[in-house]
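Heads up: the structure comes next, in C-alpha cells.
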Amino acid sequence: MCGQGLRLRALAMRFGAVQALAGIDLEVAQGERRVLLGTNGAGKTTLFNLIAGELQPTQGLIEWMGRPLAGLAPHQRARLGVARTYQSSALLETLSVRDNLVLAVLGARGRQWGMWPLKGGDGAVLAAVAQARAGGLGALLDSSAGLLSHGQRRQLEIAMALAQQPRLLLLDEPAAGLSPAERPALIASLRALPRSLTLLMIEHDMDVALALADRVTVMRDGRIVAEGTPAQVRADPAVQAIYLGGGGHG
Ligand SMILES: Nc1ncnc2c1ncn2[C@@H]1O[C@H](COP(=O)(O)OP(=O)(O)O)[C@@H](O)[C@H]1O
Ligand SMILES: [Mg+2]
C-alpha cells in the first residue's frame, strides 16, 4: 500500500455514550477496490461521514493523497476528489435523469447556478451521461427520476457521484434493495470504472463484495476485525462467526 491513497490512523468517533469507531487504522491504495463488510452498527457509515467531512472525528487522522483532511468542509474535500453516494436516495424526483446529472455537475463546481443550463457540450455532463448509459439508463435520460426502478436509481446515484469527477468514490451499499436480476448490471458497471478511481464501498452482499474487491476489511463494533483478499476473508474464522453465527446483516 502506498502513501498516496487513503490513510486513516487511530480514527475514533463517539456519539455521547456510543463509541461508534474505536480506533481505525486503514490504508487503501490508489486505484484499489476495497470493500467494507460489517454487521449493522459496526460504524461503516460513520467512517464514510468522517472521510467525506460531514462529521469531525473525536480523535485520529485522515489523509488523502498525502494530505490531511482535518478541518476541511465536504465541498473542499470534493474539490480534492472525494465523492460519495448515500444509503438513502438524494435524487430530485420531478427532474429528468439528465437534469439530475447536470445538477450533480453544477453542485461539484460549488453552486455556480448562473451557469444553468449547460446541457449541451459540457464535458463533465457528457461524461456523466455516458456513465448513465453504461448503467443502462440510456433510454431514460429524459424521464423523471421518480419513475426509475430501484436498480435504476442506484445507477443514477452512482452516475451523479461520478459527475463530480472524483478520485476517491465512497459507495454506501450500492446493491441495497436490488433484485438478484439487477445485481449483475451493477457489478459490471462498477467493474468498468477506470483504475484512476479509488473505490471504497460498503456492501453486505457477499457475492457483490467478493466480485468487486481487491481487498476486504471487516468491521464489528467500531473496530476492524479482519482484512485481506476476498479468499482470505472468506476463510477467516472470525468472519465466519460473524456471518454464520447470528451477528446479523444490516
Ligand atoms: N449521528 C449519530 N448520532 C448518534 N449515534 C449515531 C449517529 N450515527 C451513528 N450512530 C451510532 O453509531 C453506531 C455506528 O453506526 P453506523 O456508522 O451507522 O453503522 P453501520 O453503517 O455500520 O451500520 C451505531 O451505534 C449508531 O447508532
Ligand atoms: Mg450504514
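The values are calculated or read from the model by the stated rules, or taken from the named source; none is laboratory data. Not measured: the values here are computed from a predicted model. FYI the Cβ positions are ideal-geometry reconstructions off the backbone, even for glycines, and counts take in every protein chain you see.
Can you spot a residue in segment 202-210 that is buried (at least 17 other Cβ atoms within 10 Å of the Cβ), assigned to a strand (DSSP E or B) and within 16 Å of ligand 2 (Cβ to nearest atom)? Scanning segment 202-210, I find at least one residue that is buried (at least 17 other Cβ atoms within 10 Å of the Cβ), assigned to a strand (DSSP E or B) and within 16 Å of ligand 2 (Cβ to nearest atom), so the answer is yes. Kindly evaluate residue 67 against the criterion of being on the phi < 0 side of the Ramachandran plot, of a type outside the set (Val, Ile, Thr) and modelled with pLDDT under 90. No, not satisfied.
Criterion applied to 82, 105, 35 was being touching a helix residue (DSSP H, G or I) at 6+ places or on another chain (Cβ under 8 Å), at pLDDT below 85 and not aromatic (Phe, Trp, Tyr), and the one residue passing it is 105. For segment 241-249, check the following and say yes or no: at least one residue is assigned to a strand (DSSP E or B) and either at pLDDT below 85 or touching a strand residue (DSSP E or B) at 6+ places or on another chain (Cβ under 9 Å) (or both). Within segment 241-249, not a single residue is assigned to a strand (DSSP E or B) and either at pLDDT below 85 or touching a strand residue (DSSP E or B) at 6+ places or on another chain (Cβ under 9 Å) (or both).
Restricting the search to strands (runs of 3 or more DSSP E) fully inside segment 1-101 and requiring at least 3 residues that are of a type in the set (Lys, Arg) gives 6-15. Being crowded, with 16+ Cβ neighbours inside 10 Å and modelled with pLDDT of 95 or more: is that true of residue 186 here? So residue 186 does not fit the description; no.
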